[in-house]
1. For residue 58, which of the numbered conditions (1) exposed (fewer than 12 other Cβ atoms within 10 Å of the Cβ); (2) touching a helix residue (DSSP H, G or I) at 6+ places or on another chain (Cβ under 8 Å); (3) within 18 Å of residue 19 (Cα to Cα) fails to hold?
2. Can you list the strands (runs of 3 or more DSSP E) lying wholly within region 12-59 that have 1 or more residues being over 21 Å from residue 87 (Cβ atoms) and without any contact (Cβ under 8 Å) to a residue 40 or more places away in the chain?
3. Going by what's in this entry, would residue 67 be described as assigned to a strand (DSSP E or B), buried (at least 16 other Cβ atoms within 10 Å of the Cβ) and in contact (Cβ under 8 Å) with a residue 24 or more places away in the chain?
4. Of everything in region 70-87, what is part of a loop (DSSP other than H, G, I, E, B) and loosely packed, with under 12 Cβ neighbours inside 10 Å? Give them in sequence order.
5. When only residues in region 55-71 that are touching a strand residue (DSSP E or B) at 6+ places or on another chain (Cβ under 9 Å) and farther than 12 Å from residue 94 by Cα count, which is modelled with the lowest pLDDT?
């Protein structure tokens with residue numbers, strides 16, 4: 001709370017709420033983890049492309065998955081919208097699309 005008794009606008013840590021199972025409060029900014037990087041968005045609905053771009057990854061070269069509480073993962077398409085306040089959402093992972101290792 002501020003000195004005037006008004007709630008302080010804070011950055012909501014999506015991973016912390018996802019792991020705890022608590023309902024995510026609505027906020028002005030949401031911090032998510034993508035691989036080992038943290039990114040802050042000022043809206044609750046973002047696209048897979050926006051998430052990848054925020055960590056400097058090209059959607060044509062990387063796949064994005066979201067990890068949910070309990071270990072479930074879901075693929076996120078570049079133009080798919082993700083609501084950062086969805087219950088159980090913990091973090092995001094990227095995987096390279098073009099894996100040429102071991103191919104002849």
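1. Failing condition for residue 58: (3).
2. Numbers: elements: 29-34, 37-41, 45-47.
Because the criterion is at least 1 residues that are over 21 Å from residue 87 (Cβ atoms) and without any contact (Cβ under 8 Å) to a residue 40 or more places away in the chain, the strands (runs of 3 or more DSSP E) in region 12-59 that meet it are 37-41.
3. Numbers: assigned to a strand (DSSP E or B): yes; buried (at least 16 other Cβ atoms within 10 Å of the Cβ): yes; in contact (Cβ under 8 Å) with a residue 24 or more places away in the chain: yes.
Criteria met by residue 67.
4. Looking only at region 70-87, we keep the residues that are part of a loop (DSSP other than H, G, I, E, B), and these are 70-72, 77-80, 84-87.
Passing the criteria: 70, 71, 72, 79.
5. Per the criteria, the residue is 69.
Here's the yes/no breakdown for (1) surrounded by 10 or more Cβ atoms within 10 Å (Cβ to Cβ); (2) within 14 Å of the chain's Cα centre (by Cα); (3) modelled with pLDDT of 95 or more:
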site	(1), (2), (3)
3	no, no, no
10	yes, no, no
34	yes, yes, yes
49	yes, yes, yes
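The values are calculated or read from the model by the stated rules, or taken from the named source; none is laboratory data. These figures come from a predicted structure and were not determined experimentally. Don't worry about glycine lacking a Cβ; one is built from the backbone with ideal geometry, like all the others, and counts go over all protein chains shown.
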